[in-house]
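*Asks:* My questions will all concern the structure given below.
Where a number appears in this text, it was derived from the coordinates with a stated rule and is not lab data. The shown structure was predicted, so the numbers you read here are calculated from the model rather than taken from an experiment. Here the Cβ is made from the backbone with ideal geometry for all residues, glycine too, and neighbour counts use every protein chain on show.
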Amino acid sequence: MGVRGRRRGWRAVMAGMLAWAAGTVSALAQEFPHRPVKLVVPFAAAGSTDIVARLVADALQGPLGQPVYVENKAGAGGMLGAEAVARSMPDGYTLGLGSISTLAVNPVVLKASRVQPLQDFAMVVPLASIASVFSVPASLQVHDFAQFLKQARLQGDGWAAGSSGVGSVGHVILEALNADLGLQLRHIPFKGMGPVINSTLAGQTQVLSDQYPSSAPHIQTGRLVPVAVAAKERLADLPQVPTLAELGYPELNALAITWFGLVVPAGTPAPVVQRLNRAANQALQQPALRARLAQLGVTPLEGTPIHLEHLVAQTTAQVRALVQQRGISDGSP
């Protein structure tokens with residue numbers, strides 16, 4: 001056989017292999033899913049992330065035609081769960097609930113993080129966002145943002161704000177608050193948001209940055225006074241409280257909004273990712289899910305894998321710039 005004949009032979013072999021591979025992927029996508037799907041939540045049960053995950057898991061069962069069950073894998077600020085998803089079989093049967101913490105903050109701030117989201121995950125869909133509220137204890141006699149800003153600047157480093165830990169998303173937001181508003185709030189790390197809220201209610205810390213659903217009961221009873229929210233628009237429950245964007249701080253507003261998205265391990269076949277994306281968007285259109293999310297102050301996002309990829313990249317760049325500017329560290333050697 002001459003050179004041309006051998007080349008034609010190799011081309012035929014390669015064409016056959018490509019056709020076989022394409023057929024295998026296509027068959028996999030058509031069959032998917034034929035068994036239950038697992039959704040890994042990298043935080044403990046009963047928190048806002050877990051609540052959103054379970055609502056979405058229930059709503060996904062109809063569009064996918066299979067049960068979707070939640071597995072909580074908490075620890076190390078969400079790193080353990082993120083790593084578990086990244087190292088899973090890329091077949092679509094292990095989903096991960098990614099958040100601003102696991103997809104944008106941890107990889108930049110936490111030195112122990114072994115996951116690079118844009119390399120280790122395939123993005124599926126942006127799911128939802130939760131507004132944050134900035135509040136102070138009623139004992140301070142501060143009633144709006146202008147009074148808050150004046151008093152906080154007069155106090156210098158005499159006022160403090162808590163977070164769920166050094167290097168957490170709350171820590172990053174506090175540093176952004178100081179940088180953008182020209183404040184000197186001291187950072188007090190706690191183990192979880194429960195103690196942070198209790199500390200603010202007791203007046204031991206003076207400023208609270210928190211997701212609205214967990215602060216809402218204390219705002220409604222008057223123990224906490226909201227001075228600003230981080231949201232796309234004013235909250236229906238707090239029509240008198242402006243967004244940070246309205247007040248002239250759009251980047252801080254964007255950073256302080258908590259968001260979630262679905263991810264799968266890198267290497268998951270594109271048709272499977274597309275199937276999951278369609279199912280998630282269908283689930284997010286369900287009136288019952290939207291109504292329940294609205295009760296919790298959660299806004300459905302929807303969209304394509306590219307939308308989530310852009311959200312991760314944009315937030316990561318913002319966090320990285322802030323870390324460099326403020327010298328944020330998780331304290332590890």
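*Asks:* Taking the Cβ of V241 as the centre, find all other residues whose Cβ is under 12 Å away and add up their charges (Lys, Arg: +1; Asp, Glu: -1).
*Replies:* -3
*Asks:* Calculated from the structure, P(r) over Cα pairs in 20 Å bins from 0, in percent equals which of [x] 30, 51, 15, 4, 0; [y] 32, 61, 7; [z] 32, 57, 11, 0?
*Replies:* It is the one labelled [x].
*Asks:* Report, in degrees rounded to the nearest 10, the 0 to 90 angle that the Cα long axis of helix 270-284 makes with the longest principal axis of the chain.
*Replies:* For helix 270-284, the angle is close to 40 degrees.
*Asks:* If you don't mind, there's one more thing I want to ask. Based on Cβ point charges of +1 for Lys and Arg and -1 for Asp and Glu, what charge dipole magnitude is obtained for the chain about its Cα centre, in debye rounded to the nearest 20?
*Replies:* Dipole about the Cα centre, nearest 20: 1220 debye.
*Asks:* Suppose every K and R has +1 on its Cβ and every D and E has -1 on its Cβ; what is the size of the dipole of the range 132-255 about the Cα centre, in Debye to the nearest 20?
*Replies:* 260 debye
*Asks:* Still on this structure, I have one more. Of L201, P242, S132, which is farthest along the charge dipole of the chain in the positive direction, counting Lys and Arg as +1 and Asp and Glu as -1 at C-beta?
*Replies:* Projecting each Cα onto the dipole axis, the largest value belongs to S132.
*Asks:* Residues with beta-carbon under 12 Å from that of G267, excluding G267: net charge, scoring Lys, Arg +1 and Asp, Glu -1?
*Replies:* Cβ neighbours under 12 Å give a net charge of -1.
*Asks:* Could you compute Rg(Cα) / (2.2 N^0.38 Å) for the range 132-255, with N its residue count?
*Replies:* Relative to the 2.2 N^0.38 Å estimate, the range 132-255 comes out at 0.94.
*Asks:* Let me ask something additional. For a quick protection proxy, order the peptides 281-292, 170-181 by their average other-Cβ count within 10 Å, most packed first.
*Replies:* Highest-to-lowest ranking by the protection proxy: 170-181, 281-292.
*Asks:* Taking every DSSP beta bridge with both residues inside the chain, roughly what % is antiparallel (nearest 5)?
*Replies:* Within the chain, antiparallel bridges account for around 65 percent of the total.
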